[in-house]
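First comes the structure, then the notes that go with it.
The values are calculated or read from the model by the stated rules, or taken from the named source; none is laboratory data. All of these numbers come straight from a predicted model, not from anything done at the bench. Please note: Cβ atoms are built from the backbone with ideal geometry, for glycine as well, and neighbour counts cover all protein chains shown. Remember, those area values only see protein heavy atoms, side chains included, never the ligands or the DNA or RNA. Shrake-Rupley method; radii C 1.70, N 1.55, O 1.52, S 1.80 Å.
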Amino acid sequence: MQKNEHYGVYPKNIKPPIYLAYAFRLFFLVLPFYIVLNTLLWALIFSSFIKISFTNDILTWHIYEFLYGIGSAGICAFILTAVPEFFKNEMPIINKKLLFLFFIWILGRISFWFIDFINIYMVAFINCFLLFYTIFLIIKPFFKDKKHKHTSILISISIIFLLQICFFASYLGFIQATPMSFLKLTLGFYMILILLVLRRVNMETINKLLEEKNINKIFLAKAFRYNIAIFSILLYSICAFFYPNNSFLAWLAFACCFSVLGILNDYFIKEASLFKSYLVITLLSIILLLAFGYFFIGYSYVTIQTNKLSAYNHFLTIGVFGLTFYLVMIVVSYVHTGRKLIFEHKAFIGAVFIIVATVLRVFYQNNISYLISASLFSLAFIFYFIFYKSYLLEKRVDNLPG
């Protein structure tokens, strides 16, 4: 991949501040702080070290802010950065439009934190408007593309947006299903979106790695493997929504596990020492955490220990969701600032922190382990900010705009 292939048509005669020159810059500067705030605050509340009464439903607040507070910012940063790369004639969203989106995201966070004190319709509108406006800004090139190579990403984001509407409709009593059931369904679609993103990240980064090592091989992230995994997760998520706690969910969860493990077959390339790369190990870790998550979910149904479902879901939240965010933030910070992608040991340490945090949260159920898990998870994103903030605040090293 050539470094000038990351751009569509950058707006001429506009010189925005560096932090408004591309979507990832602004969101990735602020997102680590919000991740740390939410993670540590929830751990302290959950462990009964502090008591805060800004909302009557603290668990819903925690899950919503993880999926839609942090998740929506990640979606905005990723898709607004990716669209000019997907479609070479598209201009990036920068400057005032980008600042407006960020302002809406901030308003959404404030409004949801104080949902018990603000008109619920206003809270719903502000929060849903962010993804609606983001989709509106990027939807046109997806329909123009006759090959529809990236339409699946747009569909996944759109479904996550529709589930957000359903969440608030349920919260207001317009839908009989509980708000929590929609959040659980949303988690499933985030796993699907992550697989769609990972396939593209795998193709781009691993082939670049092979090229740099002068290995005459091509890495193919085969679509059928990902499609089987996506179908399995989709089927499990929908069935779990309509038939929660049904025993057949065990076999659907196991199907998710083994279909995800099937993706690992792509990595076995003769004469290519992929497994010596920190980047590849991190990519593999995401896939393994996703497989482990669904395996233990299936195990909880088989052993009739559905009370452990919440713990096992943290394979998907802390593990897959968190590690994917961390990895994508680092990759984008290198690639879209004109730098050579080097997933160094300092970046890998953060990935290890997230993996250890996941294991602690899943298997050790006590207040101290919760706090250690939250601290390690937060520390990974603190490391990201310390090591990569200069990349986000400086011009591209190749002097291209953005």
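Residue pairs whose Cβ atoms lie under 9 Å apart, sitting 6 or more positions apart in sequence or on different chains, and linking a residue in the range 140-159 that is in a loop (DSSP other than H, G, I, E, B) to a partner that is open to solvent by 100 Å² or more (accessible area, probe 1.4 Å) and among the small types (Gly, Ala, Ser), do not occur here.
The residues listed here are VAL320, VAL352, VAL359; of these, the one that is touching a Gly at 6+ places or on another chain (Cβ under 9 Å), free of Cβ contacts under 8 Å to residues at least 24 places away in the same chain and assigned to a helix (DSSP H, G or I) is VAL359.
Here is a yes/no grid of residues against (1) charged (D, E, K, R); (2) open to solvent by 10 Å² or more (accessible area, probe 1.4 Å); (3) under 20 Å from GLY319 (Cα atoms):
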| position | (1), (2), (3) |
| --- | --- |
| ALA43 | no, no, yes |
| ASN56 | no, yes, no |
| LEU67 | no, no, yes |
| ALA73 | no, no, yes |
| PHE78 | no, yes, yes |
| ASN89 | no, yes, no |
| LYS96 | yes, yes, no |
| LEU99 | no, yes, no |
| PHE102 | no, yes, no |
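Pairs linking a residue in the range 285-300 that is surrounded by fewer than 22 Cβ atoms within 10 Å (Cβ to Cβ) to a residue that is assigned to a helix (DSSP H, G or I) and basic (Lys, Arg), with Cβ atoms under 6 Å and 6 or more positions apart or on different chains, are SER300/LYS308. Remark: pairs (first residue in the range 212-231, over 19 Å from THR186 (Cα atoms); second residue open to solvent by 50 Å² or more (accessible area, probe 1.4 Å) and assigned to a loop (DSSP other than H, G, I, E, B); Cβ separation under 7 Å; 6+ apart in sequence or on different chains) = ILE215/GLU271; LYS217/GLU271.
Would you check if SER259 is touching a helix residue (DSSP H, G or I) at 6+ places or on another chain (Cβ under 9 Å) and open to solvent by less than 20 Å² (accessible area, probe 1.4 Å)? Judged against the criteria, SER259 is a match. Checking each residue in the range 70-100 for being in contact with a Phe, Trp or Tyr (Cβ under 7 Å, 6 or more places away or on another chain) and under 22 Å from CYS166 (Cα atoms) picks out ILE70, GLY71, SER72, ALA73, GLY74, CYS76.
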